Every structure is written in structure tokens, then in C-alpha cells.
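Report on one structure; see the data block that follows.
The values are calculated or read from the model by the stated rules, or taken from the named source; none is laboratory data. Since the model is a prediction, treat every value here as computed from it, not as a measurement. No Cβ is skipped: glycine too gets one built from the backbone with ideal geometry, and neighbour counts run over all protein chains shown.
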Amino acid sequence: MATLDVYNFPYLKKMEVSAAIVRVSNYQDEATKAGLNDIQAGWVIDPTTYGDSKTHFFVSWTVLIWMHDIQADYYNKTGCFNLDCDGFVPVNGAPVTPGDTLEQANNQTKISFKIFKDKNDGDWWLYFGYDINNLNRVGFWPKNIFNRMVDHATRIRWAGYAQSYKGSSSPPMGNGQFPGKMSASFQNVMYVDTDGQPYPPPVWPAGLEVYASNTKCYQASIFEDNMFYYVGPGSCTS
């Protein structure tokens, strides 16, 4: 579960991506990424996928034998984004449809959602709302599309993500500022049990670890009070 600040960078070009995601995964082998089962939800600016530079709500799933498969077929055979293939099942009357534009993507916009494996049907359910206390069902990933997440996940990530084409400067993440009270955040970061009820995760080393892959361009604050700040101006070329 999490509440995410939503932002927009309308100047992003094709092959550039900026996103904030919750990712639930299970690996057969952490070192080689073999046997990956993975579901994701969050917001993304991705002109290549959507044909515009607006902020979209997205979901994805994949089941991979080897990690390089994701580059080989871009989810065409091993899963997909939004409703581009059979997999994620939307429900009638949902507050959002995967792929929808988040029209009011500005400094005041927040979205909340949770992902959990329901003990009654065994499927992975997604709930969404603009109020953490008023979430409604969006849809579910059926348990039978997975071979390793039929029972449980082994890794959960709350993360910012940025990507650019080779040789170009990377785009901003979050709201483009380094971590502080005015920067982008993940709030209400919680685990969720099979009844759909949230509970707080422990901090590292018993629970959540804070990690940034390139601290020159992107950083994350410490995790406390069930939240953290994550952001950066980008401009990395490697």
C-alpha cells in the first residue's frame, strides 16, 4: 500500500520515462533473475508507450524464465502493460482504468492504492483511490497466470524510476528536487495482509532498505513514520 505524489514533465521525449511504482515480485534466483514473477502499479510518463507526455496510471505483469526475455519481446509473450493482453482483469465501476491519464497531475495531486493476495480467491487484487481511507477495487491479476506467485511474493519495492535513451541525459524523478520536505514522497507505506488490512513494515535490517542506484542524480531519504522522500533532477548519462 502507498500514497504517491503525482507529477508531470510534459517535455519528456520518446525513449524517456519517469515513474513512481509499487512492485511485487518473486524470483527463483535473485542473482540471475531467473523465474521472475512480477506485478507493478503506479504512475508513469512514457511518450514511447502512450504517444504523449501526460501522466498515466499503469499496471503491468510478467512471468519470465530469464531476465533478458523482457528486452527480447517487451512483455508481448511474457506479460504486458495495462490491458494490452489477457492477464489483468478490470472490474465494472472501477475508479480508474489502467492506462488512464491522471488529468490533474500537479503538485497537489496524490493517488493511493494497495495490492494484496486475497485469501478467498487467491488472486492479486488492486484497489485505488484519492483518499487512503476510501479505496475501491480496480481489478485483479489471476493467480493462474503466475508460477511462483501462486502462494506469495518474496520482494516488494516502493520506487521511483527514470530512463533515457543511450547517450542522453536522464529525466527528473519525482518532482525533480533532492529529498526534503518539498520533494516527492511515498506515504502510507504499509504491508497488507490477506484480509486486505494494512500494517506497518519494520525498517532495515529487519524490513525495508533504502537504496538509490545513482546518488549523483537521484536520492532517497531514510524510511520513517511509514514514508520516505525520493527524487532527483536527473541529467545522468550512465
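List of remarks:
- Failed criterion for Ala162 (all others in (1) touching a Ser or Thr at 6+ places or on another chain (Cβ under 9 Å); (2) outside any strand (DSSP E or B) hold): (2)
- Residue within segment 148-158 that is of a type in the set (S, T, N, Q) and touching a residue at least 60 places away in the same chain (Cβ under 8 Å) present: yes
- Boolean, Leu135 is surrounded by 13 or more Cβ atoms within 10 Å (Cβ to Cβ), over 29 Å from Leu64 (Cα atoms), among the aliphatic types (A, V, I, L, M) and under 20 Å from the mean Cα position of the chain (by Cα): yes
- Test: residue in segment 114-122 that is at pLDDT 90 or above, within 24 Å of Ser18 (Cβ to Cβ) and under 15 Å from the mean Cα position of the chain (by Cα): yes
- Options Val6, Val59; residue that is buried (at least 19 other Cβ atoms within 10 Å of the Cβ), more than 12 Å from the chain's Cα centre (by Cα) and at pLDDT 90 or above: Val6
- Whether a residue is in contact with a Lys or Arg (Cβ under 9 Å, 6 or more places away or on another chain) and surrounded by fewer than 19 Cβ atoms within 10 Å (Cβ to Cβ) was assessed, and Gly93 passes this test.
- Selection count, segment 208-221, where residues are under 19 Å from the mean Cα position of the chain (by Cα) and exposed (fewer than 12 other Cβ atoms within 10 Å of the Cβ): 3
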